Each structure stands twice: as C-alpha cells, then as structure tokens.
Amino acid sequence: MKPEPLTSIADADWLSLRLELWPDCPREQHLEEMASFLREPNRFVQFIVRDPSGRGLGLAEASIRTDYVNGTSSSPVAYLEGLYVAPEARGKGVARSLVQAVSEWALAMGCTELASDTQPENLVSQAVHTQLGFVETERAVFFNKWLGPGKVD
C-alpha cells in the first residue's frame, strides 16, 4: 500500500475521492483546483493509495503555508488540506500511509511541522488525527458581522 503522487486531473479516482470528501463543491470547481495545484508543485502535493486493481482507496492533499498557521511555531508549515479514505478501506493503514507520504514531502520541502484541522463536531476526524500522531493545539469559534449593503435576512 504505497501512496503515489497525483499528477493529472485526468485521473478519475482523484476527482471521485475529492467528490466524496467535499460533496458540496461543484465538479467544475474541483477540476479547477486540481489544475491549479498541479501548476504549483513546490506548494501543493497530492497522494493516492490504490487497491491491487488500481482503484483509488484514499487521498491526501497538502500545501505549504507561509502565513500564520494556528497552533504552529515555525514557517513555512506543511498543511494537510484534505484526507479521505473510502469506507471499505478504513482501519487498514491507508490514512497512515498517506500522512507518512505527506510528512516525507513536507520534510523534503524544509518544513518541520505538519498542521491540519477539522470541524469541532467531527469526532471521527479528531480521533483519526490523534491516532496519526497529531496533537490538538486549540479550538476556535469564528464570527462574522455583515457590514456591506444588500444583505437580506
């Protein structure tokens, strides 16, 4: 179970796994993001794990962030932007192998920290992060106050 880098938006499994992870994002937006990631290989990386038949089982996407990243003390920081494992492949080391591949890439890019986030209510993701060696650093609740014209409630 060796992760391989994703290098083409023509890879149907990449899009399929992204659609599973972020189902509210339109297909066209996924394709635009995938293409933009491939144009900046020194900033973004994507890995996939496939079963013996070649079908995608898991996906990890990461970036290099140079702005402040909550809970970190260095810069640049590698950031796990997305991690998804198909339900039938969970608990078999797919996520661990993907995060290891991202970690190796991050070290090669000069990073000493790998950060990530999840929603406060996503207890499964929190447990997976902990099992993968992440340590919770903080929790936040974000607020917004609309100041512009035309806001209709």
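The values are calculated or read from the model by the stated rules, or taken from the named source; none is laboratory data. Values in this document were obtained by computation on a predicted structure and should not be read as measured data. Note that we place each Cβ from the backbone using ideal geometry, even for glycine, and neighbour counts take in every protein chain shown. Only protein heavy atoms, including side chains, enter the accessible area calculation; ligands, DNA and RNA are left aside. Shrake-Rupley method; radii C 1.70, N 1.55, O 1.52, S 1.80 Å.
Points to keep in mind about this one:
- When region 1-82 is reduced to its Cα atoms, the Kirkwood hydrodynamic radius in Å: 13.6
- Semi-axis lengths, Å, region 1-48, gyration tensor of Cα atoms, sqrt of 5 times eigenvalues: 17, 14, 9
- Of Ala86, Ala62, Ala115, the one that fluctuates the most in a GNM where the chain has Cα springs shorter than 10 Å: Ala86
- For region 46-133, the average shadow cast by the Cα convex hull is 6.0 nm², which is a quarter of the hull's surface.
- Rg ratio (alpha-carbon, reference 2.2 N^0.38 Å) - the chain: 1.11
- With every protein chain in place, region 27-153: carbon and sulfur % of accessible area (1.4 Å): 54
- For region 108-153, GluC sites (Glu not before Pro) are listed when DSSP marks them as loop and at most 11 other Cβ atoms sit within 10 Å of their Cβ; the list is Glu121, Glu136, Glu138.
- Over the chain, accessible surface divided per residue gives 64 Å², non-protein components excluded, 1.4 Å probe.
- What you get for the chain, charging only the Cβ of Lys and Arg (+1) and of Asp and Glu (-1), is a dipole of about 160 debye around the Cα centre.
- Convex hull per residue volume in Å³, alpha carbons only, for region 39-88: 99
- Cα-Cα P(r), region 91-153, percent of pairs per 10 Å interval: 16, 36, 23, 13, 11, 0
- Looking at region 43-86, the chymotrypsin sites (Phe, Trp or Tyr not before Pro) that sit in a DSSP loop and have at most 14 other Cβ atoms within 10 Å of their own Cβ are Tyr68.
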